[in-house]
1. What pairs come up if the first residue lies in the range 49-72 and is closer than 18 Å to ILE185 by Cβ, the second is among the acidic types (Asp, Glu), and their beta carbons are under 6 Å apart, counting only those six or more places apart or on different chains?
2. Does ASN159 meet the test of being among the polar types (S, T, N, Q), more than 29 Å from ASP233 (Cα to Cα) and in a helix (DSSP H, G or I)?
3. Of the numbered conditions (1) free of Cβ contacts under 8 Å to residues at least 40 places away in the same chain; (2) out of contact with any helix residue (DSSP H, G or I) (no Cβ under 8 Å at 6 or more places or on another chain), GLU277 fails exactly one; give the number of that condition.
4. Can you tell me how many residues within the range 320-347 are part of a strand (DSSP E or B) and buried (at least 19 other Cβ atoms within 10 Å of the Cβ)?
5. Looking only at the range 180-198, decide whether some residue is aliphatic (A, V, I, L, M), part of a helix (DSSP H, G or I), in contact (Cβ under 8 Å) with a residue 24 or more places away in the chain and within 23 Å of VAL59 (Cα to Cα).
6. Being polar (S, T, N, Q) and within 28 Å of the chain's Cα centre (by Cα) is the filter here, so list the residues in the range 103-143 that pass it.
7. From the list ILE345, ILE308, ILE340, which one is farther than 27 Å from ILE358 by Cα, over 24 Å from the mean Cα position of the chain (by Cα) and assigned by TED's automatic domain parsing to the domain that holds ALA361?
8. Those residues that are charged (D, E, K, R) and either more than 30 Å from VAL268 (Cα to Cα) or in a helix (DSSP H, G or I) (or both), I need them from the range 348-361; list them, please.
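The values are calculated or read from the model by the stated rules, or taken from the named source; none is laboratory data. Note that the structure is predicted; figures quoted are calculated from it, not measured. Backbone-built Cβ (ideal geometry, glycine too); neighbour counts: all protein chains shown.
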Amino acid sequence: MSLKIEVNDLYKIFGPNPGLALERLEKGMSKEELLQKTGHAVGVYDVSFTIDEGEIFVVMGLSGSGKSTLVRCINRLIEPTRGEISIDGLNITTLPLEKLRAVRQEKLAMVFQRFALFPHRTILQNVAYGLEVQGMERAAREKKAQEVLETVGLKDWGNVYPEQLSGGMQQRVGLARALAVDPDILLMDEPFSALDPLIRKEMQEELTEMQLKMRKTIIFITHDLDEALKLGDRIAIMKDGAVVQIGTPEEILTNPANDYVASFVTDVDRSRVLKAENIMMRPTCLVRATDGPRVALRKMEEEGLSSIFVVGENRTLKGIVTVDRAVEAVNTGETDLLKIADEDIPVTSPETVIHDLIPAAVEAKVPIAVVNENRKLLGIIVRVSVLAGLIGKGDENRSLQDSA
């Protein structure tokens, strides 16, 4: 992936003399002292990060943490006090207004918390508005708007007015309006927070599905950690204008940077966020399809196992052999390992969330095999790791290997 957005040493200070206020901060004055003594408020404090093309980068924090100020600095709806913001290598903080407008029209689109639809325009006209501003002729822009309405599930609603739609449908229109101009980057400022919980969940799922097809670069603002964990490829957590941690959902959950982040993740249902790859262990004891039952039995005895996975070339999973079947084969003279291997075993992809593994874990008599699209064995998961909600890796789980 290529670098899409780069933010370096970004500050935003609100007040009559932000430059002087910044000097005082650099000399050691605290943000609280600055507000009390000078009336200047720090909106964004020394923020730096990069975002790759096609990434969903979630900025999360409580009210007043600076997340909405940050996203508005990125398209310069709010002018930064200091710092650089680069899009595709172009530093937009130094652009004159005319060139900035061109960048906004060509590369950026914003979806707000409040839908901000024109009540006197039809849904089709609302969606086509950005194309109208760009100067596209009417027939072409309405054709494009109709195509985007189909993408967001509003194919037959183009001729009605906003007041005739539910909140969730209006937010779909807001998203469609942003997508119609085909931006490289979507800035989404708490777009689902005003929706009912069920509708909000539907919109999260729809955004995830659309992103699989569109691969837009998305900066998504939210105060909801569950939403951040569900949508984000990476998450930046803000407090008092500063970013306190950036990481993948797994990194945020398993390695919180400080007590502030830890307090956020305490009550999170990790089974709905962490994936099979997070709890699988690398199988240290395997048997090749060309080996015989005696080899399989010897390896199981050496490792204290009751079963062993059978693999072919390139570690392709062929099945599993239990100690009982191996003993029986040795006693009867059977030498073909594949004839005694059980192919009907539970398998999963590394991307499966732990919550979805629970039914398989309840029924499984052997470890769950984690395989890729070519059925290459990547790791194994013992049932107790799922049922007990364990998230340890490697040696922490190895002692549990035979518990299944």
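1. THR50/GLU6; GLU55/ASP233; ILE56/ASP233; SER68/ASP189; VAL71/ASP189
2. So ASN159 fails the test.
3. The failed condition is (1).
4. Looking only at that region, the number is 3.
5. No, the range 180-198 contains no residue that is aliphatic (A, V, I, L, M), part of a helix (DSSP H, G or I), in contact (Cβ under 8 Å) with a residue 24 or more places away in the chain and within 23 Å of VAL59 (Cα to Cα).
6. Of everything in the range 103-143, those that are polar (S, T, N, Q) and within 28 Å of the chain's Cα centre (by Cα) turn out to be GLN105, GLN113.
7. Exactly one residue qualifies, and that residue is ILE340.
8. The answer is ASP356, and nothing else.
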